[in-house]
1. When only residues in the range 84-95 that are modelled with pLDDT under 80 and not aliphatic (A, V, I, L, M) count, which is surrounded by the most Cβ atoms within 10 Å (Cβ to Cβ)?
2. Take the range 96-132 and flag every residue that is open to solvent by 100 Å² or more (accessible area, probe 1.4 Å) and of a type in the set (D, E, K, R).
3. Taking interchain pairs and intrachain pairs at least six residues apart, which have beta carbon atoms under 8 angstrom, with the first residue in the range 24-37 and polar (S, T, N, Q) and the second open to solvent by 60 Å² or more (accessible area, probe 1.4 Å)?
4. So Gly48 ticks every box in (1) at positive phi; (2) touching a Gly at 6+ places or on another chain (Cβ under 6 Å) but one. Which box is left unticked?
5. Any residue at all in the range 75-83 that is surrounded by 11 or more Cβ atoms within 10 Å (Cβ to Cβ) and either of a type in the set (A, V, I, L, M) or in a loop (DSSP other than H, G, I, E, B) (or both)?
6. Tell me, which helices (runs of 4 or more DSSP H) wholly within the range 5-49 include 2 or more residues that are β-branched (Val, Ile, Thr) and either open to solvent by 80 Å² or more (accessible area, probe 1.4 Å) or at pLDDT 85 or above (or both)?
7. In the range 50-65, what residues are more than 19 Å from the chain's Cα centre (by Cα) and either free of Cβ contacts under 8 Å to residues at least 24 places away in the same chain or assigned to a helix (DSSP H, G or I) (or both)?
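The values are calculated or read from the model by the stated rules, or taken from the named source; none is laboratory data. Worth saying up front: this structure is predicted, and the values here are computed from it rather than measured. All Cβ positions, even for glycine, are placed from backbone atoms using ideal geometry, and neighbour counts span all protein chains on display. Ligands, DNA and RNA are stripped out before the accessible areas are found, and what is left, the full protein with its side chains, is counted by its heavy atoms. Shrake-Rupley method; radii C 1.70, N 1.55, O 1.52, S 1.80 Å.
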Amino acid sequence: MELPVWLSKGLYEKKRRVLSVETPKVYREGWRTVFNADPNVVNLHKMGPYYYGLGSQMLHFDSPENPEIAQTLLQTFIGRFRRIMDSSQNAYNEDTSMLVEHLDCLEKTLFRSGQSGLNGFQSWEKGQASQLTASSLVLNYRKRKMTDAQP
């Protein structure tokens, strides 16, 4: 029976252990071998749009495969990170829909962040950037520093 992860985690507590959890096929050894060979050729969105999120949640369940799953998640992310960021930085005013449709939700967010940074840089380079303002972190730090100095 398929259950949501949040419900499975509740029923799988160490005290009760009402159910047993089967590792999804995308995290099993066959797929781990594919990811270790070349993570860039895999369509993660087709595997499940939340590949990294679900994989990290699966680590909460006791499984002898957890160290291998964690290592594969990390190596897959590292292997795909450079390509995602390179593509986001080198695709100014280009159609990136083919690339983006193969990405996991986390990777899509990363890609959009890279594109946003590139667009901001391009605007700044052309002199179209608005006036620079201080970061909210800097402003809050100054306020806190002044409050601490006053008796």
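1. So the first thing to find is which residues in the range 84-95 are modelled with pLDDT under 80, and the list is 91-95.
Narrowing the set further to residues that are not aliphatic (A, V, I, L, M) leaves 92-95.
Details: Tyr92: 11, Asn93: 6, Glu94: 9, Asp95: 8.
Once the filter is applied, the top-ranked residue is Tyr92.
2. Arg112, Glu125, Lys126 - these are the residues of the range 96-132 that are open to solvent by 100 Å² or more (accessible area, probe 1.4 Å) and of a type in the set (D, E, K, R).
3. Asn36/Gln75
4. Among (1) at positive phi; (2) touching a Gly at 6+ places or on another chain (Cβ under 6 Å), Gly48 violates only (2).
5. Going through the range 75-83, the residues surrounded by 11 or more Cβ atoms within 10 Å (Cβ to Cβ) turn out to be 75-77, 79-81, 83.
The next check asks that each one be either of a type in the set (A, V, I, L, M) or in a loop (DSSP other than H, G, I, E, B) (or both); those that pass are none.
Within the range 75-83, none of the residues are surrounded by 11 or more Cβ atoms within 10 Å (Cβ to Cβ) and either of a type in the set (A, V, I, L, M) or in a loop (DSSP other than H, G, I, E, B) (or both).
6. Values: elements: 5-11, 29-37, 44-47.
Fully inside the range 5-49 and qualifying: 29-37.
7. The first filter runs over the range 50-65 and keeps only residues more than 19 Å from the chain's Cα centre (by Cα), leaving 61-65.
Asp62, Pro64 - these are the residues of the range 50-65 that are more than 19 Å from the chain's Cα centre (by Cα) and either free of Cβ contacts under 8 Å to residues at least 24 places away in the same chain or assigned to a helix (DSSP H, G or I) (or both).
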